[in-house]
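Engineer: One structure coming up, written as C-alpha cells, with questions to follow.
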Amino acid sequence: MLVLEQVILTKSRVILDDARGENAFAEDEYIGRKQARSLLCLPLLKQAELIGVLYLENSLASHVFTPGRIAVLKLLASQAAIALENARLYGDVAEREAKIRRLVDANIIGIFISSRKGEIIEANDAFLKMMGYDREDIATGNMRLADLTPPEWRASAARALVGIDTTGAVQPYEEEYLRKDGSRVPVLIGSAAFDEQQDHGVCLRA
C-alpha cells in the first residue's frame with residue numbers, strides 16, 4: 001500500500017480528505033478496491049524511532065478527520081507508541097530470562113544467581129550437589145556467598161565484584177569454595193550481571 005510505504009519512509013503523517021479525488025495516491029490499488037473516502041495514516045514514534053503505524057479509513061464520507069479529531073488521534077498515537085515499546089522491552093526481558101532459565105536447568109555445570117549483597121537467590125541441582133546444600137537452604141537464607149568463600153579468597157571475590165561494576169562481567173578465574181560440611185572444592189568461576197542496575201548476576205562454576 002502506497003500510503004503505508006510513504007509514512008514508513010518519511011515518518012510523516014498522510015491525510016486524505018477525499019481519497020477518490022485528485023491526490024498523490026489516486027492510483028493506489030488498495031484505496032481503489034476499498035473505495036475509501038477519508039484516510040488517515042500516522043507514524044507511531046518513540047524518540048524519533050518508528051515503532052508502528054496507525055491507519056484509519058472511512059468509506060462513507062469525506063473530510064472525516066477534522067483538526068480536532070486529528071489532535072486526539074495524535075495523542076492516542078503517542079501513547080500507543082509508548083505502549084508498544086514497553087511491550088517490546090518486556091518481551092526482550094522475558095526472552096533473556098528464559099534463556100538463563102534453560103541454561104540453569106540444563107545442569108551441565110553449576111550455576112547460581114545471587115544479589116549484590118551476596119544472597120543466593122537460585123541455584124541449579126548441579127551446583128547444590130557440588131556444594132552439599134539443598135533448596136531448603138536457599139529458601140531459608142542459609143546459603144550465602146560469604147559462607148562459601150574461604151577467608152583467603154575473599155579479596156579475589158571483592159575484585160570480581162568491582163569487575164561487575166566496571167564491565168558487567170568477570171572473566172573465569174580459579175578459586176576455592178567451602179562445602180556445607182566444611183570441606184573445600186576447587187572451582188573455575190565466571191560471572192555476569194543481567195540487569196541494568198547490576199543488582200543481580202549469574203555465576204557459572206565448573
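Engineer: So which residues in region 101-136 are within 19 Å of the chain's Cα centre (by Cα) and either within 30 Å of E49 (Cβ to Cβ) or open to solvent by 70 Å² or more (accessible area, probe 1.4 Å) (or both)?
Structural biologist: Residues satisfying the conditions are R101, R102, L103.
Engineer: In addition: Could you tell me which residue of region 186-196 is most open to solvent (accessible area, probe 1.4 Å), considering only residues that are under 28 Å from R96 (Cα atoms) and at pLDDT 80 or above?
Structural biologist: Per the criteria, the residue is L188.
Engineer: Could you tell me whether A98 is open to solvent by less than 50 Å² (accessible area, probe 1.4 Å), without any contact (Cβ under 8 Å) to a residue 40 or more places away in the chain and within 24 Å of the chain's Cα centre (by Cα)?
Structural biologist: yes
Engineer: Restricting to region 168-181, and then to whatever is open to solvent by 100 Å² or more (accessible area, probe 1.4 Å) and without any contact (Cβ under 8 Å) to a residue 40 or more places away in the chain, can you tell me which residue is nearest to L148 (Cα to Cα)?
Structural biologist: Of all residues in region 168-181, those open to solvent by 100 Å² or more (accessible area, probe 1.4 Å) come to 171, 174, 180-181.
Add one more test, that the residue is without any contact (Cβ under 8 Å) to a residue 40 or more places away in the chain, and what stays is 171, 174.
Numbers: Q171: 19, E174: 14 Å.
So, considering only residues that are open to solvent by 100 Å² or more (accessible area, probe 1.4 Å) and without any contact (Cβ under 8 Å) to a residue 40 or more places away in the chain, the one nearest to L148 (Cα to Cα) is E174.
Engineer: Could you list, in sequence order, the residues of region 1-31 that are more than 20 Å from L50 (Cβ to Cβ) and of a type in the set (D, E)? Spell out how you get there, then give the answer.
Structural biologist: Taking region 1-31 and keeping what is more than 20 Å from L50 (Cβ to Cβ), we get 16-24, 26-31.
Listed by number, the residues that qualify are D17, D18, E22, E27, D28, E29.
Engineer: OK, next. Could you say whether any residue in region 85-107 is in a helix (DSSP H, G or I) and within 30 Å of A19 (Cα to Cα)?
Structural biologist: no
Engineer: Restricting attention to region 156-167, does a residue exist that is open to solvent by 50 Å² or more (accessible area, probe 1.4 Å), under 25 Å from the mean Cα position of the chain (by Cα) and among the hydroxyl-bearing types (S, T, Y)?
Structural biologist: Scanning region 156-167 turns up at least one residue that is open to solvent by 50 Å² or more (accessible area, probe 1.4 Å), under 25 Å from the mean Cα position of the chain (by Cα) and among the hydroxyl-bearing types (S, T, Y).
The values are calculated or read from the model by the stated rules, or taken from the named source; none is laboratory data. Please read these numbers as outputs of a predicted model, since none were measured by experiment. Neighbour counts are summed over all protein chains in view; Cβ atoms, including those assigned to glycine, are modelled from backbone coordinates with ideal geometry. Just the protein is used for accessible areas: all its heavy atoms, side chains included, with ligands, DNA and RNA removed. Shrake-Rupley method; radii C 1.70, N 1.55, O 1.52, S 1.80 Å.
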